[in-house]
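Data block below; observations after.
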Amino acid sequence: MAMERIWEFAPWMPDHIEPAEFAEHCRFLNSDALYDAGMTPGEKRSTPFPVAQLALTMPSFDVDCFSWEAHILVSERLRRTMALPGEIVDYFPVDASASSATPRSLNYMIMSVAVTESISRAGLGDPFIYEPESIDIRAVPQFPLFRDEQYLGSMFCSDAMAVSVLESGCTGVRFIAPESRDFIRPMRYRTLRGLEEDAGWDENGERRPTLLVEAVS
């Protein structure tokens with residue numbers, strides 16, 4: 001099932017979660033303290049970080065990965081699936097006692113990717129928003145999950161990492177093909193079938209089936 005290439009590891013809210021409703025029901029009770037503490041992508045943290053006080057009051061919310069106020073929250077199931085050692089990621093505690101029972105049961109932690117690799121062509125793109133042609137998708141990474149040393153605003157991963165998460169059934173992550181990340185061409189991303197292309201929505205507001213661009217053998 002392998003596709004020897006790099007994917008962008010992107011938190012991605014499932015279609016059934018209404019963004020406005022989510023924004024209304026999710027907040028950090030100590031948002032100012034988290035902001036003041038700061039978080040440097042691509043580096044191990046050497047100072048304490050406040051325990052995030054999460055109030056996520058959507059009773060049915062069970063997404064394994066999501067982004068809120070520039071922080072990536074991951075469930076216990078996703079952490080177990082990725083099985084990343086401490087030199088690659090930092091995990092910071094989350095107090096979800098103010099959340100609904102279902103999101104509380106997922107035992108979220110804040111994840112910070114602490115390693116970088118060089119998979120980009122220097123001089124192309126904004127430091128935090130890469131251009132599709134700037135990423136070497138055939139690079140062979142040392143780490144299964146990492147940030148690019150030039151484009152620290154995005155996370156990338158190996159195909160093996162993408163497949164392990166997809167096979168686990170974890171939700172809230174999309175493994176995007178960097179070359180399609182220009183907001184002009186249809187987005188392409190990894191699934192268990194291979195490389196698929198988003199076909200958008202029909203006139204009735206229903207999502208069209210994705211198009212299989214490249215199947216895995």
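Every read-out reported here was derived from the displayed coordinates using simple, explicitly stated rules and does not represent laboratory data. What you are looking at is a predicted structure, and each value in this text was computed from that prediction instead of being measured. Please note: Cβ atoms are built from the backbone with ideal geometry, for glycine as well, and neighbour counts cover all protein chains shown.
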Item to complete: Lys and Arg at +1, Asp and Glu at -1: add these up for the other residues within a Cβ distance under 12 Å of Thr116 and post the number.
Response: -2
Worksheet entry | trypsin sites (Lys or Arg not before Pro) restricted to DSSP loop in the range 33-136 with at most 16 other C-beta within 10 Å | Lys44, Arg45, Arg121
Worksheet entry | Sparse-neighbourhood loop sites, chymotrypsin sites (Phe, Trp or Tyr not before Pro) in the range 128-165 - DSSP loop, at most 16 other Cβ within 10 angstrom | Phe128
Practice prompt. Please tell me the relative contact order of the chain in percent, rounded to the nearest whole number, where contacts are Cα pairs under 8 Å and at least six residues apart.
Written response: 25
Worksheet item: Extent of the chain along each principal axis, from alpha carbon coordinates, in Å, largest to smallest?
Response: 46, 44, 30
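Taking the beta-carbon count within 10 Å as an exposure proxy, list Thr171, Thr191 from fewest neighbours to most.
Ascending Cβ contact count within 10 Å gives the list Thr191, Thr171.
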Response to the item:
Under the 7 Å Cα-to-Cβ spin-label approximation, Leu211 and Glu18 lie apart by a distance in nanometres of 3.2
Worksheet item: What is the fewest-to-most order of Ser97, Ser154 by other Cβ atoms lying within 10 Å of their Cβ?
Response: Ser97, Ser154
Worksheet item: Among Trp12, Trp7, which comes first, second and so on when ranked by fewest other beta-carbon atoms within 10 Å?
Response: Trp12, Trp7
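Mind checking the full-extension length gain between Trp201 and Ala37? Use 0.36 nm per residue of separation minus the Cα-Cα distance, one decimal, nm.
Numbers: separation 164, 0.36 × 164 = 59.04 nm, distance 4.06 nm.
Between Trp201 and Ala37, full extension yields 55.0 nm more.
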Discussion item. With a cut-off of 8 Å between alpha carbons and a minimum separation of six or more residues, what is the relative contact order of the range 168-217 in percent?
Written reply: 25
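In the range 73-213, what percentage of the DSSP-assigned beta bridges are antiparallel, given to the nearest 5? Can you show the working numbers first?
Values: 20 of 22 bridges.
Roughly 90 percent of the beta bridges in the range 73-213 run antiparallel, per DSSP.
Taking the Cβ of Val94 as the centre, find all other residues whose Cβ is under 15 Å away and add up their charges (Lys, Arg: +1; Asp, Glu: -1).
Neighbourhood net charge equals -1.
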